Amino acid sequence: MPYNKSSKNILLIPVILFLISGFFLGKCTPSVNIKDPKVRESLFNNAMEYYNRSALNDYQRAIELFENCMSGTPEDALIYAMLSMSYSRIGQHYSLKAEYRKADYYYDKAFKYALYSIKLNPSLSKGYTALALHSRQFEKRNLLIQYAKKAIQLNPKDHEAYALLGDSNHPVFFKDQGDYEIGRRYYIKSLQIEKKYLPAIYNLGLLHFNYGKYSKAQKYFRKAISFNPKISAFYYYLSLCYFRLKKYDSAEIEIHQGIQLDPDNAYYYDLSGQIAFKRNDLKKAIQSFNRAVSINQNVAMFYYHLGMAFHKLKKYITSIKLYTKASQLDPKYDLPHYRMGQIYQKLKKYKLALKEYLICIDLTNSEIIWERVYKKIQGLKKILGIKKDLV
């Protein structure tokens, strides 16, 4: 669960560039004299504090406070830019939950606010930073880079723009594009300007994680937690780091924290089950995987992991049912076929085993799995007396 990860399923809704000024007027009526510069500055700083905490409810509160600020000075370009970025980040939250209509609503507002910010002050960097963030949400990499660089040209200390350039080189946001070292440098530059900027800290951790640098990644997830201990995703990825490093006790502690913060996240229970499985606590593993499935019945991986637990208990019929369910949910999933092949081979049902292995070898992108399955197929050919090439 990356930070503000973009959704491929949302199409960019065409937005008419003609802006109706009335649309942008704040709806909140302040109970204080917002026209007083000191009061307004205090209110704006309070809004920024919420924005920088980087959680959904904090972005929502930041929007309320930014809108209150507008009641005092309705033509402030910076406020519109910050509103745009807040709306973009909330939109991303809903897109990750597949609530696309809600996401579209927030993205639409974010785009309009960013344009209006630039209309009010074309020399303000934040308007372009807001457009860069919006472009990232829709996987418009070239536009992201263009807007972020424009923002940095206007303000060389715009830490958010540098972080977005880091995102443009991040496989979580743009698969098979960008460069690890370039992305790392942009995140470091962002953090040199603002050391507490959570998106840069978290996404730098994810960058290390995605390149298998788990020891480096866990340091940044820990740092993110130190700045905001109430975001469950930080604990999830920290736990995953420990899991990959085979530090299962530490992994269990961190995922437990994540579950306490977000008890309805199926992926957290699935990870807890994987940890229990590695510790050979199959009872707990099955409980955790069942909990994941009860929350979300549409994730193939959950059924596969549950099948693995029963497989280890030698409850082969149950395992095959679960592996079959996983393959039905995701027809391109190679591992369920590999495991079913193992079971059928164990039961000396060689033709069924061969069928599953052939499906697996056709689906897999893993060199290791391919080589294993190839050897299995060659062995079964000898048993079944098959001379022709099957692979």
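The values are calculated or read from the model by the stated rules, or taken from the named source; none is laboratory data. These numbers come from a predicted model, not from an experiment. Here the Cβ is made from the backbone with ideal geometry for all residues, glycine too, and neighbour counts use every protein chain on show.
Quick check, is residue 145 over 23 Å from residue 66 (Cα atoms), of a type in the set (Val, Ile, Thr), modelled with pLDDT of 95 or more and touching a Leu at 6+ places or on another chain (Cβ under 8 Å)? Break it down stepwise before answering.
Working: over 23 Å from residue 66 (Cα atoms): yes; of a type in the set (Val, Ile, Thr): yes; modelled with pLDDT of 95 or more: yes; touching a Leu at 6+ places or on another chain (Cβ under 8 Å): yes.
It is true that residue 145 is over 23 Å from residue 66 (Cα atoms), of a type in the set (Val, Ile, Thr), modelled with pLDDT of 95 or more and touching a Leu at 6+ places or on another chain (Cβ under 8 Å).
Please specify each residue of the range 143-158 satisfying the condition of being surrounded by fewer than 22 Cβ atoms within 10 Å (Cβ to Cβ) and either over 17 Å from residue 114 (Cα atoms) or in contact with a Phe, Trp or Tyr (Cβ under 6 Å, 6 or more places away or on another chain) (or both).
Residues satisfying the conditions are 150, 153, 156, 157.
Can you name every residue in the range 224-261 that is closer than 24 Å to residue 58 by Cβ, of a type in the set (D, E, K, R) and buried (at least 17 other Cβ atoms within 10 Å of the Cβ)?
254
Pull up the range 68-88, narrow it to residues that are surrounded by fewer than 23 Cβ atoms within 10 Å (Cβ to Cβ) and more than 19 Å from residue 123 (Cβ to Cβ), then point me to the one that is modelled with the highest pLDDT.
Among them, the one singled out is 70.
Which residues, taken from the range 290-320, are hydroxyl-bearing (Ser, Thr, Tyr) and closer than 18 Å to residue 352 by Cα? Can you show your working first?
From the range 290-320, those hydroxyl-bearing (Ser, Thr, Tyr) are 294, 303-304, 316, 318-319; that's our starting set.
Once the filter is applied, which keeps residues that are hydroxyl-bearing (Ser, Thr, Tyr) and closer than 18 Å to residue 352 by Cα, the range 290-320 yields 316, 318, 319.
Looking only at the range 101-156, which residues are over 17 Å from residue 80 (Cα atoms) and of a type in the set (Val, Ile, Thr)?
145, 152
Within the range 122-139, restricting attention to residues that are assigned to a loop (DSSP other than H, G, I, E, B) and crowded, with 18+ Cβ neighbours inside 10 Å, which residue is modelled with the highest pLDDT?
Kept after step one, since they are assigned to a loop (DSSP other than H, G, I, E, B), are these residues of the range 122-139: 122-124, 138-139.
Checking which are crowded, with 18+ Cβ neighbours inside 10 Å leaves us with 124, 138.
Details: 124: 96, 138: 93.
Filtering the range 122-139 for residues that are assigned to a loop (DSSP other than H, G, I, E, B) and crowded, with 18+ Cβ neighbours inside 10 Å, the one modelled with the highest pLDDT comes out as 124.
Among 42, 117, which is the only one that is farther than 22 Å from residue 198 by Cβ, touching a residue at least 40 places away in the same chain (Cβ under 8 Å), small (Gly, Ala, Ser) and part of a helix (DSSP H, G or I)? Please lay out each step first, then the result.
On the way: 42 fails: touching a residue at least 40 places away in the same chain (Cβ under 8 Å).
Answer to the check: 117.
Under the condition of being part of a helix (DSSP H, G or I) and aromatic (Phe, Trp, Tyr), which residue from the range 180-203 is nearest to residue 229 (Cα to Cα)? Full working, then the answer.
If we filter the range 180-203 for residues that are part of a helix (DSSP H, G or I), which is where we start, we get 180-193, 198-203.
Remaining after also requiring aromatic (Phe, Trp, Tyr): 180, 186-187, 202.
Values: 180: 27, 186: 25, 187: 21, 202: 13 Å.
So, considering only residues that are part of a helix (DSSP H, G or I) and aromatic (Phe, Trp, Tyr), the one nearest to residue 229 (Cα to Cα) is 202.
When the residues of the range 366-385 are filtered to those that are free of Cβ contacts under 8 Å to residues at least 24 places away in the same chain, out of contact with any helix residue (DSSP H, G or I) (no Cβ under 8 Å at 6 or more places or on another chain) and not basic (Lys, Arg), which remaining residue is surrounded by the most Cβ atoms within 10 Å (Cβ to Cβ)?
Applying the filter and picking the extreme gives 379.
Would you mind stating whether residue 118 is farther than 26 Å from residue 207 by Cβ and at pLDDT 95 or above?
Working: farther than 26 Å from residue 207 by Cβ: yes; at pLDDT 95 or above: yes.
So residue 118 fits the description; yes.
Residues that are outside any loop (DSSP other than H, G, I, E, B), hydroxyl-bearing (Ser, Thr, Tyr) and at pLDDT below 50: does the range 18-33 have at least one? Quick ask: steps written out before the conclusion?
Taking the range 18-33 and keeping what is outside any loop (DSSP other than H, G, I, E, B), we get 21-24.
Imposing the further condition that a residue be hydroxyl-bearing (Ser, Thr, Tyr) reduces the set to 21.
Those still in the list that are at pLDDT below 50 too: 21.
Yes, the range 18-33 contains at least one residue that is outside any loop (DSSP other than H, G, I, E, B), hydroxyl-bearing (Ser, Thr, Tyr) and at pLDDT below 50.
Kindly check whether there is at least one residue in the range 344-366 that is modelled with pLDDT of 95 or more, within 19 Å of residue 278 (Cβ to Cβ) and of a type outside the set (D, E, K, R).
Within the range 344-366 (the criterion being modelled with pLDDT of 95 or more, within 19 Å of residue 278 (Cβ to Cβ) and of a type outside the set (D, E, K, R)), the answer is no, since none of the residues qualifies.
If I filter the range 92-101 down to residues being of a type outside the set (S, T, N, Q) and touching a Lys or Arg at 6+ places or on another chain (Cβ under 8 Å), which single residue comes out as modelled with the highest pLDDT?
The residue in question is 94.
Across the range 151-167, which residue is farthest from the chain's Cα centre (by Cα) among those that are part of a helix (DSSP H, G or I) and within 22 Å of residue 75 (Cα to Cα)?
Here is the first cut: in the range 151-167, the ones part of a helix (DSSP H, G or I) are 151-154, 159-167.
Those left that are additionally within 22 Å of residue 75 (Cα to Cα): 151, 154.
Numbers: 151: 25, 154: 30 Å.
Out of the qualifying residues, it is 154.
Which residues, taken from the range 306-362, are surrounded by fewer than 20 Cβ atoms within 10 Å (Cβ to Cβ) and hydroxyl-bearing (Ser, Thr, Tyr)?
Hits for the range 306-362 are 316, 318, 324, 350.
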